[in-house]
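Have a look at the structure below before the remarks.
The values are calculated or read from the model by the stated rules, or taken from the named source; none is laboratory data. Model, not experiment: these values are computed from the prediction. Cβ atoms come from the backbone with ideal geometry, glycine included; neighbour counts cover every protein chain shown. Accessible surface areas use protein heavy atoms only, side chains included; no ligands, DNA or RNA. Shrake-Rupley method; radii C 1.70, N 1.55, O 1.52, S 1.80 Å.
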Amino acid sequence: RVMNHSLENIRAEFPVLAQNIKNAKPFAFLDSTATTQKPMTVIQVMHDFYTKHYSSVKRGVYQSSEKTTQAFEKARKEIASFINATSENEIVFTSGTTASINLVAWSYGRKFLQPGDEILISALEHHANIVPWQLIAEEKGALLRVIPVDDQANLVLEKIPELLTEKTKIVAITHISNVTGTVNPIKEIIQTVRNFSKNAKILIDAAQSIAHQKIDVQELDCDFLAFSGHKMYGPTGIGVLFGKYELLESMPPLFGGGEMIKSVSFEKTTFAAPPARFEAGTPPIAEVIGLGEAVKWLKEIGLDNIHRKESGILEYAISQFSEIPEIHILGNPKERGALLSITLEGIHAHDAAMILDEENIAVRSGHHCAEPVMKRFNIPATLRFSFGVYSEKWEIDRALIALKRVIRLFK
Ligand code: PMP
């Protein structure tokens with residue numbers, strides 16, 4: 001196990017980045033916003049679990065099941081401390097950000113929303129933070145309101161007080177946009193919501209921030225925080241919903257089944273306390289253990305170091321792309337996360353992405369599950385470049401050469 005990580009050589013910890021060579025060209029992976037690659041230690045821990053200790057959790061008194069349960073609950077503690085939750089009981093395991101947001105919508109929303117209540121989201125949301133609210137709003141007769149975004153891709157914060165009423169029950173905002181990279185000032189937004197609305201509960205979609213900057217849920221004072229394992233160097237199929245404990249306690253279960261009950265009879269079933277109440281059925285055990293390892297690994301490297309390295313790459317990419325007149329960078333937010341979207345004059349993003357793929361450069365093209373953002377900026381798609389702790393300048397250089405080729409080809 002690598003203990004002394006060097007940020008310069010961190011790429012060596014990622015097997016995929018070393019192996020994926022096409023036409024003798026090394027893999028430029030510029031799609032960490034979609035998902036991150038996995039460091040060897042995460043892969044190894046999951047491999048060890050399946051090959052050496054595999055058994056179920058909380059269901060056996062035999063030794064390996066006890067050991068598995070301990071490892072599983074240790075991961076929960078690791079994650080709680082990573083975001084400074086007051087207790088590991090505030091950490092609910094889900095299958096990802098999408099499931100975490102849906103859990104709040106279908107449990108909290110279904111119980112507490114009344115006809116005429118309002119849900120406030122922003123114009124920069126991923127579909128995962130729009131559609132669940134639309135569905136529950138329709139079922140409950142609630143209304144969806146949207147914080148607008150300006151031409152630079154900053155949310156128009158001055159509008160927030162006007163959009164809040166005593167009927168606002170839920171405010172759900174992304175920390176970092178997966179399209180424009182806008183870092184929303186969530187601390188300021190949360191304070192504004194607290195000042196103007198007594199009833200609103202606040203959910204932060206941290207899918208794009210959790211692996212890039214320190215998040216302290218107590219300092220932020222958010223009610224819920226949702227994120228995915230696979231975007232933070234952990235496995236797929238696992239995510240987290242943080243919720244303040246008294247809120248989780250007030251919420252009914254969404255799924256019924258094994259391990260979420262206190263007692264079951266045909267006359268009356270009572271439910272376990274959170275987080276077990278929301279974790280019906282056999283959980284993704286290896287994935288939880290893998291996520292615990294990813295969090296440990298992130299802590300060892302340090303989010304401040306990661307942020308510094310990624311900011312350097314981002315600035316380099318912006319300076320290089322800005323020199324090409326045919327490249328338009330979408331938005332100019334006050335603060336930008338480790339990603340940027342571009343459009344190319346007269347060239348569709350998919351065409352460009354295919355040419356980049358010929359050069360073994362992985363980027364994302366399309367609407368990025370955020371069609372309202374495309375509509376707001378009046379574009380069909382963007383080409384998105386996104387970075388992780390392993391990103392290096394040569395990847396930008398290669399992308400730039402390929403982009404110049406794209407421009408020559410299609411002009
Ligand atoms: N919110 C944001 C801002 C995202 O970028 C994503 C993933 N692209 C999601 C939510 C959904 O995450 P997942 O697909 O892992 O559930």
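For the chain, with a Gaussian network of springs between Cα atoms less than 10 Å apart, report the residue from 233, 108, 50 with the top mean-square fluctuation.
50
Using θ = phi - 60° and the Karplus curve 6.51 cos²θ - 1.76 cosθ + 1.60, what whole-Hz ³J(HN,Hα) does each residue of segment 394-409 get, with Gly and Pro shown as x?
4, 5, 5, 4, 5, 4, 5, 4, 5, 5, 4, 5, 4, 4, 4, 5
When a/c reaches 1.5 or more, the comparison of a/b and b/c decides; with that in mind, is segment 1-116 rounded, prolate or oblate per its Cα gyration tensor?
Cα axes put segment 1-116 in the oblate bin.
Using each residue's phi in segment 340-349, evaluate 6.51 cos²θ - 1.76 cosθ + 1.60 at θ = phi - 60° and report the 3J(HN,Hα) Karplus result to the nearest Hz, with x for Gly and Pro.
With the stated coefficients, segment 340-349 comes to 8, 9, 10, 10, 10, 3, x, 10, 6, 4 Hz.
Specify which residue in the list 108, 278, 250 is farthest towards the positive end of the charge dipole of the chain, using unit charges on the beta carbon of Lys, Arg (+1) and Asp, Glu (-1), about the Cα centre.
It is 278.
State in Å² the accessible area per residue of segment 17-154; use a 1.4 Å probe, count heavy atoms of protein chains only, and round to the nearest integer.
That works out to 45 Å² for each residue.
Label-point separation (nm) for residue 162 and residue 315, each offset 7 Å from Cα along Cα-to-Cβ?
Taking the two extended label points, one gets 3.7 nm.
Work out the length of the dipole vector of segment 230-376 about its Cα centre, built from +1 on the beta-carbon of each Lys and Arg and -1 on the beta-carbon of each Asp and Glu, and round it to the nearest 20 debye.
Roughly 680 debye, rounded to the nearest 20.
If you project the alpha carbons of the chain onto the principal axes, what extent comes out on each, in Å, largest first?
Rounded to whole Å, the extents work out to 73, 56, 33 Å.
Placing one identical point scatterer on every Cα of segment 116-203 and ignoring solvent, what is log10 I(q)/I(0) from the Debye formula at q = 0.18, 0.22, 0.26 Å⁻¹?
Ignoring solvent entirely, the Cα scatterers give -0.73, -1.08, -1.42.
Whole-Hz Karplus ³J(HN,Hα) for segment 158-174, in order, using 6.51 cos²θ - 1.76 cosθ + 1.60 and θ = phi - 60°, x for Gly and Pro?
Once rounded to whole Hz, the list reads 4, 7, 4, x, 5, 8, 9, 9, 5, 8, 6, 9, 9, 10, 10, 9, 7.
List the aspartates and glutamates whose Cα lies under 17 Å from the Cα of residue 198, skipping any in the same chain that are fewer than 8 positions away.
117, 118, 162, 166, 188, 221, 223, 246
Scattering from the C-alpha atoms of segment 287-363 alone, worked out with Debye: what is log10 I(q)/I(0) at q = 0.11, 0.21 1/Å?
-0.45, -1.02
How far, in nm, would the chain grow between residue 112 and residue 66 when pulled straight, counting 0.36 nm per residue and subtracting the alpha carbon separation?
Value of the extension gain: 12.8 nm.
Please work out how much length the chain gains when fully extended from residue 87 to residue 358, using 0.36 nm per residue of separation minus the C-alpha to C-alpha distance, in nm with one decimal.
In short, 92.7 nm is gained.
How large is the charge dipole for segment 356-411, taken about the Cα centre, if only the Cβ atoms of Lys, Arg (+1) and Asp, Glu (-1) carry charge, to the nearest 20 debye?
Once rounded to the nearest 20, the dipole reads 320 debye.
With unit charges on the beta carbons (Lys and Arg positive, Asp and Glu negative) and the dipole taken about the Cα centre of the chain, which residue among 401, 136, 332 sits farthest to the positive side?
The Cα lying farthest towards the positive end belongs to 136.
Can you give the relative contact order of segment 264-377 as a percent, counting alpha carbon pairs under 8 Å and 6+ residues apart?
The normalised contact order for segment 264-377 reaches 12 percent.
Out of residues 5 or more away from residue 260 or on other chains, whose amide H comes under 5 Å of its own, with H placed 1.01 Å from N in the peptide plane?
Under 5 Å from the amide H of residue 260: 281.
Tell me the per residue accessible area of segment 351-404 using a 1.4 Å probe; a whole number in Å² is fine.
38 Å²
Applying 1/(1 + (r/R0)^6) with R0 = 51 Å to the Cβ-Cβ distance of residue 409 and residue 335, what FRET efficiency is obtained, to the nearest 0.05?
0.90
Please report the accessible area of residue 215 (heavy atoms, 1.4 Å probe, ligands and nucleic acids excluded) in Å², nearest 10.
10 Å²
Which far-off residues, 5 or more places away or on another chain, put their amide H under 5 Å from the one on residue 153, with H placed in the peptide plane?
Close amide H contacts, sequence-distant or interchain: 332.
A 23 angstrom limit on the alpha carbon distance is what I want to check against. Which of 67/268; 159/309; 111/268; 74/268 exceed it?
67/268; 159/309; 74/268, as the Cα separations exceed 23 Å there.
Give the long-range amide H neighbours of residue 147: residues separated by 5 or more places, or on another chain, with amide H under 5 Å away, using H modelled in the peptide plane at 1.01 Å from N.
The answer is 121, 122, 123.
For the chain, what is the charge dipole size about the Cα centre, in debye to the nearest 20, if Lys and Arg each add +1 at the Cβ and Asp and Glu each add -1 at the Cβ?
It comes to approximately 540 debye.
Could you give the nm distance between label points at residue 255 and residue 345, where each point is 7 Å from its Cα heading toward the beta carbon?
Using points 7 Å along Cα→Cβ, the separation is 5.2 nm.
Sorted by average packing, counted as other Cβ atoms within 10 angstrom per residue and highest first, what order do 330-341, 10-21, 74-85, 396-407 take?
330-341, 74-85, 396-407, 10-21
Quick check: at a probe of 1.4 Å, how many percent of the accessible area of segment 21-138 sits on carbon and sulfur atoms?
In segment 21-138, the share of accessible area belonging to carbon and sulfur is 57 percent.
Which whole-angstrom value gives the distance between the alpha carbon centres of segment 224-257 and segment 278-312?
14 Å
Hey, could you grab the Kirkwood Rh for segment 230-351? Inverse mean 1/r over distinct alpha carbon pairs, Å, one decimal.
Taking every pair of different Cα atoms in segment 230-351, averaging 1/r and inverting gives 19.0 Å.
Quick one: compute the contact order of the chain, relative version, from alpha carbon pairs under 8 angstrom and 6+ residues apart, as a percent.
After rounding, I find 22 percent.
So what's the convex hull volume per residue for the Cα atoms of segment 331-406, in Å³?
105 Å³
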